[in-house]
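Step one of this worksheet: look at the structure below.
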Amino acid sequence: MNIIGAGLAGSEAALYLAHLGCSVTLFEQRPERTTPVHTGDACAELVCSNSLKSMKPESAAGMLKGELAALGSFLYEAALDNRVSAGGALAVNREDFSESVTRAIESNDRITLVRGEVVSLREDGSVCLAGMSEPVGCDADAVILASGPLTSDALAEWLRGITGEDTLAFYDAAAPIVLADSLDMTKVFRQSRYEEGVGDYLNAPFSKEEYETFAHELVGAERVIMRDFETRDLFQACQPIEEIARKGFDAPRFGPLKPVGLTDPRTGRRPWAALQLRAEDAHGQSFNLVGFQTNLTFPEQKRVFRLIPGLEHAEFVRYGVMHRNTFVDAPHILDTSLRVVSNPLSVPLYMAGQVAGTEGYCEAIRSGLHAAISVFSQPMGKQGVTLPSETAFGALLSYACNPETSDYQPMHVNFGIMTPLERKIRNKGERYAAYAERGNRALGEYRSQLASLGIALRGPIDPSEA
């Protein structure tokens, strides 16, 4: 098998196919060719946030993690092994996480890791690397393209050519990280929303006057790209904080800076607005500005974000950056096995990760696992590998690969795209719990079908034992 890209999706697919007994050649362009946001050459590097979202079983994100655990995801297990405190969410030490995945790949006898930029594929599935005259990875039974949201221009151009569709580009943003000991702890307080006692988040509270000053400077600050982005060009889940403010003066206060569920211990009241900061490492030495993806210039980030109470002397260990993301029009290119329908290659071609039109870390991991199972089970027939739409990822696939879906933008798992329950439940908590229970039943049936084909799934993983 040839897999293009050693990000979250490609790394998961490689490790899972190796577990199933397949020989895999995994291609990664770094360090031969880097990107504006990657900092090293490790596999599965996280570049936007260190949070993998909620662990609550009755949430959509929690349902997805339940699937990863039940199917024995390698990267989900690595995330659990390298987690840092984040309340009810799963957050990781990003360096330790990436290093553990890299070690697992490099030590696996069934995986060959090849460093170099893939510029195209030949009809037989072999790979053409930049600067090399001969193709690599011949005699592949299948190819998984998991080149990520930062797919190189050359590979993106090849992809446009073979799909017959324009590859869509949009912009994504990464939030800054500050050192913990540079924060003013007389102003910043530790608390998680709606939770009593010491929480996992730090909170920087604004008064009304402080918020108005900050919002005014934020809207007027200098940006890297000096034009207003069209709404359709912005990645909805990673909107730059300054673009949110441009939609309305109070928009950040009802978004990333919402103060609900928090009480400022200095006043005993809810702040006018509040920035939450999440630990980036297990020791709490650095913190991520939650929801503060940005396109401001580095000097402006330092000036404007130091207007936040408690961050007046913040030391930035990483500034926020804006970068291009690339994805295909999944509803018209992929089926629910993540296979490219109109494929000019002589071997099956699959896609996984954000380039396939999914959004989110766990979604990328799950797509890599799904593509691996699809590739492995393809010779056995399609009947046993259809993922039920009642599962979290099955619902996402049903939405993303539905030809009737128009103007497609990358999507994450959520209850809004799931098949409605047979009986209407008004209570939101009970309704979400019912979704989760139904999804677990469907996932159990799916596992049984795969087992009947002789597919030895890994797992399940018990998060409490990690």
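The values are calculated or read from the model by the stated rules, or taken from the named source; none is laboratory data. Everything quoted here is computed from the prediction, not taken from an experiment. Because the Cβ atoms are built from the backbone with ideal geometry, glycine has one as well, and the counts that use them run over all protein chains shown. Accessible surface is based on the protein model in full, side chains and every heavy atom, while ligands, DNA and RNA are left aside. Shrake-Rupley method; radii C 1.70, N 1.55, O 1.52, S 1.80 Å.
Overview of values
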| read-out | value |
| --- | --- |
| Calculated P(r) tail over 22 Å for region 68-199, as whole % of Cα pairs | 62 percent |
| Accessible surface, per residue, of the chain when the full set of protein chains is kept, probe 1.4 Å, Å² | 42 Å² |
| For ASP264, residues with placed amide H under 5 Å, excluding near neighbours | ARG269, ARG270 |
| Estimated inter-spin distance, ASP250 and THR386, nm [label 7 Å along Cα→Cβ] | 5.0 nm |
| Accessible area of VAL317 in the full protein assembly, 1.4 Å probe (Å², nearest 10) | 80 Å² |
| DSSP-defined beta bridges in the chain - what % are antiparallel, rounded to 5 | 70 percent |
| Karplus 3J(HN,Hα) series, Hz, for region 98-113 with 6.51 cos²θ - 1.76 cosθ + 1.60 (x for Gly, Pro) | 4, 5, 5, 5, 4, 4, 4, 6, 5, 8, 8, 5, 8, 10, 10, 8 |
| Tilt relative to the chain, helix 428-452 - C-alpha long axis, 0 to 90 degrees, to 10 | 20 degrees |
| Calculated log₁₀ intensity ratio I(q)/I(0) where the Debye formula runs over C-alpha points of region 269-410, q = 0.11, 0.16, 0.21 Å⁻¹ | -0.62, -0.89, -1.21 |
| Solvent-accessible area, 1.4 Å probe, carbon plus sulfur percent, for the chain | 48 percent |
| Amide H partners (placed H, <5 Å) of VAL114, local residues excluded | LEU26, PHE27, GLU28 |
| Gain on full stretching of the segment that runs from ALA130 to ARG193 - 0.36 nm per residue minus C-alpha separation | 17.7 nm |
| Principal-axis tilt of helix 60-71 within the chain, Cα atoms, nearest 10 degrees | 40 degrees |
| Extension reserve of the LEU421-LYS56 stretch, reckoned as 0.36 nm per residue once the Cα distance is removed | 129.4 nm |
| Between helix 8-19 and the chain: long-axis angle, C-alpha atoms, 0 to 90°, nearest 10 | 40 degrees |
| Cut-off of 10 Å, at most 14 other beta carbons, DSSP loop: longest stretch of the chain lacking such chymotrypsin sites (Phe, Trp or Tyr not before Pro) | 250-466 |
| Given the chain, longest segment not containing exposed loop trypsin sites (Lys or Arg not before Pro) (DSSP; at most 12 other Cβ within 10 Å) | 1-226 |
| Nearest-0.05 FRET efficiency for SER207 and ASP81, computed from C-beta distance (R0 45 Å) | 0.60 |
| Vicinal HN-Hα couplings computed from phi for region 289-302 (Karplus, 6.51 cos²θ - 1.76 cosθ + 1.60; Hz; Gly/Pro x) | 7, 5, x, 9, 4, 8, 10, 6, 5, 4, x, 5, 4, 4 |
| Within region 44-63: backbone nitrogen closer than 14 Å to the GLU430 label point (7 Å, Cα to C-beta) | none |
| HN-Hα J in Hz across region 363-371 - Karplus 6.51, -1.76, 1.60, θ = phi - 60°, x for Gly and Pro | 4, 5, 4, 5, 5, x, 5, 5, 5 |
| Largest-first ordering by accessible area, 1.4 Å probe, given options ASP250, ASP153, ASP264, ASP335 | ASP153, ASP250, ASP335, ASP264 |
| Pairwise FRET efficiency - GLN409 versus ALA451, Cβ, R0 = 45 Å, nearest 0.05 | 0.80 |
| Residue-averaged 222 nm ellipticity for the chain, from DSSP H runs of 4+ at -39500 (n - 2.57), nearest 500 | -9000 deg cm²/dmol |
| Overall Cα dimensions of the chain - principal axes, largest extent first, Å | 66, 54, 43 |
| Cα pair distances exceeding 16 angstrom across region 15-64, given as percent | 63 percent |
| Other-chain or far-sequence residues with amide H under 5 Å of GLY7's (modelled H) | ALA44 |
| Dimensions in Å of region 246-287 - Rg and Dmax from alpha carbons | 13.0, 37 |
| Label-point separation, GLU437 to ARG306 (7 Å along Cα→Cβ), nm | 5.6 nm |
| Difference of contour (0.36 nm per residue) and Cα-Cα distance, ARG122 to ARG458 | 117.7 nm |
